[in-house]
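Have a look at the structure below before the remarks.
Nothing in this text is a laboratory measurement; each read-out follows from the coordinates by a stated rule. Only a predicted model underlies this, so the values are computations on that prediction, with no experimental measurement involved. All Cβ positions, glycine included, derive from the backbone under ideal geometry; neighbour counts span all protein chains shown.
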Amino acid sequence: MVAGKSRLVDSFEMRIADINTVDLEQLHALSIGVGWPHRADDWQFARELGKGVVALDEVGRVLGSAMWFPYGEDFATIGLVITSPRLQAQGAGQWLMDHVLTQVPQCNLGLNATRAARRLYRSLDFTTEAVVSQCQGEAISAPPAETPPGAELRALDISDLAAIAALDKEAFGADRTALLSRILPSSSGFGLVRNGKIEAFSFCRRFGRGQVIGPVAAASDADAIAVIRPHVAEHAGKFLRLDTREKSGAFSDFLSRCGLSVFDTVTTMSRGRPWLAVRDRHTAGTPKIYALAGHALG
């Protein structure tokens with residue numbers, strides 16, 4: 001598959017360019033145009049972590065985008081695939097995706113698709129795996145609770161990166177050290193420690209309309225609740241978001257009690273090796289991802 005560098009769409013010429021060659025405000029305007037909450041700083045965060053392309057018209061306006069985020073040598077997530085409303089029925093999304101797919105020909109791929117984009121991804125051989133619930137709202141501080149037996153809750157710092165990355169790789173199924181090394185210094189983080197070992201962690205950072213909790217990795221609902229509770233308490237009365245594949249159980253119930261109701265859903269899809277194979281093999285005592293780092297980041 002070869003994606004052309006230029007394309008005639010709706011009577012004008014579009015061309016592909018590297019996402020780092022355009023102003024952040026142009027990307028911000030693109031996401032605002034489709035109702036996405038990303039700030040200019042959120043776009044810059046993504047550009048520092050991944051690679052991407054934009055579709056430009058003849059006068060340099062950004063009319064579309066697509067990014068990919070490699071984790072290790074054989075897996076990448078795809079995200080921030082946006083086309084302006086004017087071009088959504090003109091095949092621009094497929095043109096951008098064709099270009100991305102030529103850049104990662106040997107990679108197993110994962111993405112989280114909006115309702116509007118699912119048909120496109122199915123046509124490109126992506127398979128549906130799970131539903132992600134976007135839980136958000138004005139946070140309500142949950143009643144105090146004891147830390148799980150035998151565990152200690154503490155703040156995380158950069159010296160914890162190796163331990164966190166190892167736990168995350170076991171839960172996620174790919175090495176996200178680069179992502180975690182970028183998130184850790186710019187976030188509030190908590191770890192749950194047993195016998196000197198970090199067995200659960202969470203991060204909370206500025207994103208969109210307020211703060212987002214994620215990623216979160218833990219082996220049980222109780223541990224996951226323990227590491228997100230401090231973030232909820234800190235941001236009580238403010239806008240808070242968490243994206244999760246947990247549909248029911250204590251963790252899901254806790255989110256509801258904290259004012260984080262389901263606002264929208266997206267669909268996790270994969271091409272190549274199933275993305276959530278690690279999650280499907282989850283057994284008691286093994287970690288899994290309770291909250292995404294972001295729809296684009298996984």
Order by neighbour count: Ile225, Ile32, Ile213, fewest other Cβ atoms within 10 Å first, most last. Ile32, Ile225, Ile213
What's the Kirkwood radius of region 6-106 in Å, using all Cα pairs? 13.7
Can you compute the charge dipole magnitude of the chain about its Cα centre, using +1 on each Lys and Arg Cβ and -1 on each Asp and Glu Cβ, nothing else charged? Give it in debye, rounded to the nearest 20. 420
What label, among (i) 6, 26, 35, 24, 8, 0; (ii) 6, 28, 35, 21, 8, 2, 0; (iii) 6, 25, 30, 20, 11, 5, 2, 1, 0, 0, belongs to P(r) over Cα pairs in 10 Å bins from 0, in percent computed from the structure on display? (ii)
Measure nothing but the geometry: give the 0 to 90° angle between the long axis through the Cα atoms of 161-172 and the longest principal axis through the Cα atoms of the chain, rounded to 10°. 70
Please tell me the relative contact order of region 158-232 in percent, rounded to the nearest whole number, where contacts are Cα pairs under 8 Å and at least six residues apart. 25
When ranked by the protection proxy of mean other Cβ atoms within 10 Å per residue, highest first, what sequence do the peptides 154-161, 91-98 form? 91-98, 154-161
Can you sort Ser31, Ser123 by how many other beta carbons sit within 10 Å, fewest first? Ser123, Ser31
Please list, in order along region 239-252, the HN-Hα scalar couplings obtained from phi with the Karplus expression 6.51 cos²θ - 1.76 cosθ + 1.60 (θ = phi - 60°), rounded to whole Hz, x for Gly and Pro. 6, 9, 9, 8, 9, 9, 9, 6, 8, 7, x, 4, 5, 4
Sequence-distant or interchain residues sharing an amide H contact under 5 Å with Thr265, placed H: which? Gln134
Summing +1 per Lys or Arg and -1 per Asp or Glu among the other residues with Cβ less than 12 Å from Val100's Cβ gives +1
Using just the C-alpha positions of region 134-291 as equal point scatterers, what log10 of I(q)/I(0) does the Debye formula give at each q in 0.11, 0.17 1/Å? -0.40, -1.01
Between the alpha carbon centres of region 213-272 and region 11-70 the gap in Å comes to 28
Once phi is turned into θ = phi - 60°, what whole-Hz ³J(HN,Hα) does the Karplus curve with 6.51, -1.76 and 1.60 give for every residue of region 38-43, x standing for Gly and Pro? 4, 8, 4, 5, 5, 5
When only Cα pairs under 8 Å and 6 or more residues apart are kept, what is the percent relative contact order across the chain? 22
Got the relative contact order for region 65-107 handy, in percent, Cα pairs under 8 Å and 6 or more residues apart? 40
Relative to the chain, whose Cα atoms define the longest principal axis, helix 24-33 and its Cα axis are tilted in degrees, nearest 10, by 90
